Amino acid sequence: MGLLNRVKEQSALDQAKHAIEAGRHILVFKFIEAHTNSLATGAMTGINDQMEAIESLGWRLDKMSACEGNVVGALGSKERVAIVCLYRRTPGPPQQGDETTSVSRPY
C-alpha cells in the first residue's frame with residue numbers, strides 16, 4: 001500500500017472514531033479514487049482499505065452510491081470515482097452512570 005493510501009486509511013479511521021466519540025449512530029463517508037481505466041474490472045484497494053478501517057470500529061455499511069467524473073486541471077483531464085457510503089452503528093447498552101436513555105431505532 002502506498003503512502004497516500006495509508007494517509008487516507010488513517011484519515012477514515014480518525015473520522016470514524018470521532019463520530020463514535022461524538023455519539024453519532026450514522027456516518028456518511030465519501031471516498032474518491034483515481035480511475036485510470038473505466039472499462040477494466042479490478043480491485044479498488046485504496047477504497048477497500050479505508051472501508052475496512054471504518055468497519056473495524058463497528059460501523060456497518062448500510063447503503064452506498066457511486067459515480068464517475070472528470071477533473072480538468074493543468075495536467076489534463078483525469079477520471080475519478082466517488083463512492084458515498086452510509087454506515088450505521090448500533091448503540092451499545094447504557095454504561096453505569098450514564099444518564100442518557102437508549103433510544104430504540106427502527107434499523
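The table below lists the values:
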| read-out | value |
| --- | --- |
| Region 3-88, dipole about Cα centre (Lys/Arg Cβ +1, Asp/Glu Cβ -1), debye to the nearest 20 | 180 debye |
| Full-stretch length increase - R6, M44 - with 0.36 nm per residue and alpha-carbon distance subtracted | 12.3 nm |
| Three-way shape label, region 3-88, alpha-carbon gyration tensor, a/c 1.5 | prolate |
| Partners for K17 among lysines (Cα-Cα distance below 23 Å; same-chain residues under 8 apart left out) | K8, K30, K63 |
| Two-site label geometry, V28 and S56: point separation in nm, points 7 Å out along Cα→Cβ | 2.7 nm |
| Förster radius 25 Å - calculated FRET efficiency between D14 and R80, Cβ distance, rounded to 0.05 | 0.65 |
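Read the figures in this text as sums done on the coordinates, not as results from a lab. Just so we're clear, the structure is a prediction, and the values are computed from it rather than from any experiment. A quick note on method: Cβ atoms are made from the backbone with ideal geometry, for glycine too, and the neighbour counts reach across all protein chains shown.
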